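Down below is the structure, laid out as structure tokens.
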Amino acid sequence: MSKIKPKNFFITLVRHGESVGNAESRWQGQKDYPLTERGRAQAQALAARWKQEEVKFDAVIASPLSRAKETAEIIASSFGLNVEFDPLWMERDNGEFSGLTASEVRQNFTHPEFYNPYDPVGIDGEGDWELFLRGGQALHNLLKREPARYLIVSHGGLLNQVMHAIVGIAPQANNAGLRFRFSNTAFAKLIYHAHHHRWTIDSVNDHAHWVEAESEE
């Protein structure tokens, strides 16, 4: 029986489950932290929800960092799919902030009253503009593929910039402006109508499978 190929891109963007870095309130960046047991439970709950709802995916693409990798593998295994890893979907490089707690960052670094989107984060990490460009490149590469049902497993910072690229809002000074919330294993559902260049955003920060998510932030 032949599969009918979708005419549009159906894209689900999901943030990884709770990691050790999340639990310890650390600036994770590209430092590699595994999932906690809670994070694994979140991923399993999301997979179970999607199976119950008869959600379909054609491909799963993930950041290679452990917290996203494991989340993607838990979900993909329940659908009988393999995971493709792409470093473009990795979290922001936080420079010297990486691995530090929020209090350690406040104590050990000076923080200017004003910074522009081109300034680096953590002395030598990716600034907002640099992350925005990488998010745009990740999105562009995805849209070079055939229209299909894609699951992307990534990170809150990068996914925010992908959403900014979709709605056409560039980064602003002092991290001002619009922000999209992604709780652990929360997801956004989008449809891209390529022949009309029209985006439909069906949902953002959907975490109905893990109702504690709001109180955990």
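Miscellaneous remarks
- Among the conditions (1) in contact with a strand residue (DSSP E or B) (Cβ under 6 Å, 6 or more places away or on another chain); (2) crowded, with 16+ Cβ neighbours inside 10 Å, Lys56 misses just one, which is (2).
- Within the option set Ala48, Ala76, being hydrophobic (A, V, I, L, M, F, W, C), exposed (fewer than 15 other Cβ atoms within 10 Å of the Cβ) and at pLDDT 95 or above holds for one residue only, Ala48.
- Within the range 72-85, not a single residue is among the hydroxyl-bearing types (Ser, Thr, Tyr), in a loop (DSSP other than H, G, I, E, B) and either more than 18 Å from Ala148 (Cα to Cα) or in contact with a helix residue (DSSP H, G or I) (Cβ under 6 Å, 6 or more places away or on another chain) (or both).
- Among the residues of the range 146-170, those identified as out of contact with any Leu (no Cβ under 9 Å at 6 or more places or on another chain) and either free of Cβ contacts under 8 Å to residues at least 24 places away in the same chain or of a type in the set (A, V, I, L, M, F, W, C) (or both) are Ala148, Gly168, Ala170.
- Only one entry of Leu139, Leu133 meets the criterion of being closer than 16 Å to Ile169 by Cβ and either surrounded by fewer than 17 Cβ atoms within 10 Å (Cβ to Cβ) or in contact with a strand residue (DSSP E or B) (Cβ under 6 Å, 6 or more places away or on another chain) (or both), and that entry is Leu133.
- Subset of the range 131-156 [within 10 Å of Arg15 (Cβ to Cβ) and assigned to a helix (DSSP H, G or I)]: Gly156
- Residues satisfying the stated conditions in the range 50-73, i.e. among the β-branched types (Val, Ile, Thr) and in contact with a His (Cβ under 9 Å, 6 or more places away or on another chain): Thr71
- Number of residues in the range 88-123 that are in a loop (DSSP other than H, G, I, E, B) and on the phi > 0 side of the Ramachandran plot equals 3.
- Within the range 8-35, restricting attention to residues that are assigned to a loop (DSSP other than H, G, I, E, B) and of a type in the set (S, T, N, Q), the residue that is surrounded by the most Cβ atoms within 10 Å (Cβ to Cβ) is Gln28.
- Meets criteria (crowded, with 18+ Cβ neighbours inside 10 Å, within 30 Å of Glu104 (Cβ to Cβ) and in contact with a Ser or Thr (Cβ under 6 Å, 6 or more places away or on another chain)) for Gln42: yes
- Taking the criterion of being assigned to a helix (DSSP H, G or I) and touching a residue at least 40 places away in the same chain (Cβ under 8 Å), the residues of the range 42-65 that qualify are Gln42, Ala43, Ala45, Leu46, Ala48, Arg49.
- On the stretch given as the range 143-169, residues that are surrounded by 14 or more Cβ atoms within 10 Å (Cβ to Cβ) and either at positive phi or not hydroxyl-bearing (Ser, Thr, Tyr) (or both) total 18.
- If you go through the range 1-39 and keep only what is small (Gly, Ala, Ser), modelled with pLDDT of 95 or more and out of contact with any Ser or Thr (no Cβ under 8 Å at 6 or more places or on another chain), you end up with just Gly21.
The values are calculated or read from the model by the stated rules, or taken from the named source; none is laboratory data. Small disclaimer: the values here were computed from a predicted structure and weren't measured. Note that each Cβ is placed from the backbone with ideal geometry, even for glycine, and that neighbours are counted across all protein chains shown.
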